[in-house]
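K.L.:
There's a structure below that I have some questions on.
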Amino acid sequence: MACIEECRQGGSWIDEALAEELLTLTDLNVPHLPYYAICRSVFDADPQSLFMALYRCIEATYAYESSRKLVEKLGLSVSWQEMAAALEDSMGWRPQESSSLNLILQYAVQKDLETVCDCLGVEVGNDLLASAGKAIYVLRNRIVHFRPGGRRVDVESIDWNLLCGCLTGIVLSVFSRAYS
């Protein structure tokens, strides 16, 4: 809350609507949410930092479905987080990013997914989840990876306030499901 209030006082790129979305997320005090990543990113002049912090929050739920199903199938009395940690520690297992993103987006609000596609200029095909998941993942990869000859992110062409506001809603939706 203090970080968002500081942004409101200074010359931040974060507008009032996004600040309110982020404050709602902090007001709810969602367990296990990596607030530290969001706090650091709101002070960065590059809006891609907040996008990546919010992406990391979604990423924290990637193992939810697979681990939950395995716990249920085996009739174990461990949390999905414990199962995911055990699988990673003992076998090096991690969920596949792209398919896990699409799977966890089933818990997002449809309007947020549609707006993400609009913000990123992606035409929604027959599957809104797949379209939004691909749009988010492609942007993530363009931010994170350097590819010779690859397209750089045109920071000026994206409404980062709207995009990050939608991602904040998605984070809230998927975290509420995974960590309830």
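The values are calculated or read from the model by the stated rules, or taken from the named source; none is laboratory data. Being a predicted model, the structure only gives us computed values, none of them experimental. All Cβ positions, even for glycine, are placed from backbone atoms using ideal geometry, and neighbour counts span all protein chains on display. These accessible areas exclude ligands, DNA and RNA; they are computed on the full protein's heavy atoms, side chains included. Shrake-Rupley method; radii C 1.70, N 1.55, O 1.52, S 1.80 Å.
K.L.:
Of the conditions (1) assigned to a helix (DSSP H, G or I); (2) open to solvent by less than 20 Å² (accessible area, probe 1.4 Å), residue 81 satisfies every one except a single condition; which number is it?
P.N.:
Result: residue 81 fails condition (2) only.
K.L.:
Which of the residues that make up the range 1-22 are part of a helix (DSSP H, G or I) and open to solvent by 20 Å² or more (accessible area, probe 1.4 Å)?
P.N.:
2, 3, 5, 6, 8, 9, 16, 17, 20, 21
K.L.:
Shifting gears a bit: If you scan the range 114-168, which residues turn out to be of a type in the set (S, T, N, Q) and closer than 28 Å to residue 23 by Cβ?
P.N.:
If the condition is that a residue be of a type in the set (S, T, N, Q) and closer than 28 Å to residue 23 by Cβ, then 115, 157, 161, 168 are the ones that fit.
K.L.:
Limited to the range 98-127, what total is found for residues that are more than 14 Å from the chain's Cα centre (by Cα) and assigned to a loop (DSSP other than H, G, I, E, B)?
P.N.:
Of the residues in that region, 8 qualify.
K.L.:
A further question follows. Scan the range 43-56 and give yes if some residue there is open to solvent by 50 Å² or more (accessible area, probe 1.4 Å), within 25 Å of residue 134 (Cα to Cα) and part of a helix (DSSP H, G or I), otherwise no. Working first, answer last.
P.N.:
Filtering the range 43-56 down to residues open to solvent by 50 Å² or more (accessible area, probe 1.4 Å) leaves 43-46, 56.
With the extra rule that they be within 25 Å of residue 134 (Cα to Cα), the set shrinks to 46, 56.
Filter once more, so that each one left must be part of a helix (DSSP H, G or I): 56.
Looking through the range 43-56, at least one residue is open to solvent by 50 Å² or more (accessible area, probe 1.4 Å), within 25 Å of residue 134 (Cα to Cα) and part of a helix (DSSP H, G or I).
K.L.:
From the list 129, 163, 105, pick out the single residue that is under 18 Å from residue 37 (Cβ atoms) and either buried (at least 21 other Cβ atoms within 10 Å of the Cβ) or touching a residue at least 12 places away in the same chain (Cβ under 8 Å) (or both).
P.N.:
163
K.L.:
Tell me which of these residue 28 doesn't satisfy, since it passes every other one: (1) open to solvent by less than 80 Å² (accessible area, probe 1.4 Å); (2) touching a residue at least 40 places away in the same chain (Cβ under 8 Å).
P.N.:
(1)
K.L.:
Return the total of residues in the range 149-160 being open to solvent by 50 Å² or more (accessible area, probe 1.4 Å) and closer than 25 Å to residue 45 by Cα.
P.N.:
6
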